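Shown next, in C-alpha cells, is the structure this report addresses.
The values are calculated or read from the model by the stated rules, or taken from the named source; none is laboratory data. Source: prediction; values computed, not measured. Cβ atoms come from the backbone with ideal geometry, glycine included; neighbour counts cover every protein chain shown. Heads up: the accessible areas ignore ligands, DNA and RNA and are worked out on the full protein's heavy atoms, side chains in. Shrake-Rupley method; radii C 1.70, N 1.55, O 1.52, S 1.80 Å.
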Amino acid sequence: MGIFLLEMADGSEMILTAGRATRTESGDVAFEYVDARGNWSRSCTVQSTQVKTAYARRVGEDGMARWVPQLSTGRWWAY
C-alpha cells in the first residue's frame with residue numbers, strides 16, 4: 001500500500017492511499033488496488049488538468065520519510 005500526495009492546480013492538496021499510482025497515456029493520474037487474485041482495478045482517476053505535481057511517500061536510506069516527486073510527463077508507476 002502506498003501513500004500519494006497530489007498538489008492540485010487550484011492550490012489544494014489531496015492525499016490518497018492505494019496499491020499503486022500511475023500516469024496514464026493521456027496524462028491523468030490514476031490510483032489502483034489489487035484483489036486477492038492479483039487483479040488490479042482502478043479506484044480513482046484525476047484529470048491531468050487538475051494536477052500540478054504528484055508525489056509518492058518513500059523512506060530514504062537515512063530512515064526519514066519524504067515526498068518524492070513523480071515525473072510531470074510520460075508514463076510512470078509508483079508503488
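Remarks
- Overall Cα dimensions of the chain, principal axis frame, Å, largest first: 37, 35, 21
- Highest mobility in the GNM of the chain, judged by mean-square fluctuation with C-alpha springs under 10 Å and restricted to Ala21, Ala65, Ala56, is found for Ala65.
- The stretch 9-73, relative contact order in percent, only Cα pairs under 8 angstrom and at least six apart counted: 23 percent
- Where trypsin sites (Lys or Arg not before Pro) in DSSP loops with at most 13 other Cβ within 10 Å are excluded, longest remaining stretch of the chain: 38-74
- Cα-centre dipole for the chain with unit charges at Cβ (Lys and Arg positive, Asp and Glu negative), debye to 20: 180 debye
- Integer Hz, Karplus 6.51/-1.76/1.60 couplings in order for the stretch 49-57, x for Gly and Pro: 5, 8, 9, 8, 8, 10, 10, 10, 7
- Apportionment of accessible area to carbon and sulfur, the chain, percent (1.4 Å): 50 percent
- Simple spin-label estimate for Met1 and Thr24 gives 2.5 nm between the two label positions (7 Å along the Cα-to-Cβ direction from each Cα).
- For the stretch 21-64: span of alpha carbons on each principal axis (Å, largest first): 35, 34, 14
- The residues of the stretch 5-47 expose on average 57 square angstrom of accessible surface per residue, using a 1.4 Å probe on protein heavy atoms.
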